[in-house]
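Below is one structure, written out as structure tokens; the observations come after it.
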Amino acid sequence: MKNFFSKKSWASYVMLGVAVLAIVALIVSALSAKNSAAADDLETYAIGDIGGIIAMDVIAIVLAIAVFVIDGLLTGKLFSIILDVARFAAAALLIASMALMISAMELPMGYIWFSDLEAGNDVLIAGLNQAVASWALYLVAAIADVVSMSKSLSVKANKTMAADTVA
């Protein structure tokens, strides 16, 4: 077990952090969807794409955990490419989840932030506040994922430059 953790780079641990942030963002998004749907009897503010958001989050979480587990265990150019694609896909899915959450909350944003029509609707305000928190979590997770990718790519660039210098 000690050998398993000693082979990990800091980028792997960043991906584990990405998975944790994505899990928290998923929970906050689900709470936001629940509050938004309960804000009125007609479910005017319900998040219709919550199933897609949850699916993208789960896939991003699985990819981030897979990168953490595989990194250091399997070596070679093919596995390196697979890890890079998984990191990129996880970041893209997190950004897409954030974009869907933003677009799902445009009506409550307009009614609460820009017109005060629903200023007294505490349930909707709580849903919007939770949505904003989920946006921040998605953004931080995606940025951390990109930082993880830059570490992976810089190591490859350094190895390539060293090989060119020797040759």
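Listed here are the residues, each with its yes/no results for (1) open to solvent by less than 50 Å² (accessible area, probe 1.4 Å); (2) on the phi < 0 side of the Ramachandran plot; (3) modelled with pLDDT of 90 or more.
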{"site": "129", "(1), (2), (3)": "no, yes, yes"}
{"site": "133", "(1), (2), (3)": "yes, yes, yes"}
{"site": "137", "(1), (2), (3)": "yes, yes, yes"}
{"site": "149", "(1), (2), (3)": "yes, yes, no"}
{"site": "160", "(1), (2), (3)": "no, yes, no"}
{"site": "164", "(1), (2), (3)": "no, yes, no"}
{"site": "167", "(1), (2), (3)": "no, yes, no"}
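Given the criterion at negative phi, of a type outside the set (D, E, K, R) and open to solvent by 70 Å² or more (accessible area, probe 1.4 Å), identify the matching residue among 54, 61, 47, 82. I'd like the intermediate steps shown before the answer.
Working: 54 fails: open to solvent by 70 Å² or more (accessible area, probe 1.4 Å); 61 fails: open to solvent by 70 Å² or more (accessible area, probe 1.4 Å); 47 fails: open to solvent by 70 Å² or more (accessible area, probe 1.4 Å).
Every option except 82 fails the conditions.
Quick one: in the range 28-43, which of the residues that are touching a Ser or Thr at 6+ places or on another chain (Cβ under 9 Å) and open to solvent by 50 Å² or more (accessible area, probe 1.4 Å) is nearest to residue 73 (Cα to Cα)?
31
What's the number of the only condition in (1) at positive phi; (2) open to solvent by 40 Å² or more (accessible area, probe 1.4 Å) that residue 72 fails to meet?
It is condition (2) that residue 72 fails.
Helices (runs of 4 or more DSSP H) wholly in the range 1-103 with at least 1 residues that are in contact (Cβ under 8 Å) with a residue 12 or more places away in the chain and under 24 Å from residue 126 (Cβ atoms) - which ones?
10-37, 50-70
Considering only the range 108-124, state which residues are open to solvent by less than 60 Å² (accessible area, probe 1.4 Å) and over 13 Å from residue 39 (Cα atoms).
109, 110, 115
The values are calculated or read from the model by the stated rules, or taken from the named source; none is laboratory data. Just so you know, these numbers come straight off a predicted model, no measurement behind them. Positions of Cβ are backbone-derived with ideal geometry, glycine not excepted, and every protein chain shown enters the neighbour counts. Surface areas here come from the heavy atoms of the whole protein model, side chains and all, with no ligands, DNA or RNA. Shrake-Rupley method; radii C 1.70, N 1.55, O 1.52, S 1.80 Å.
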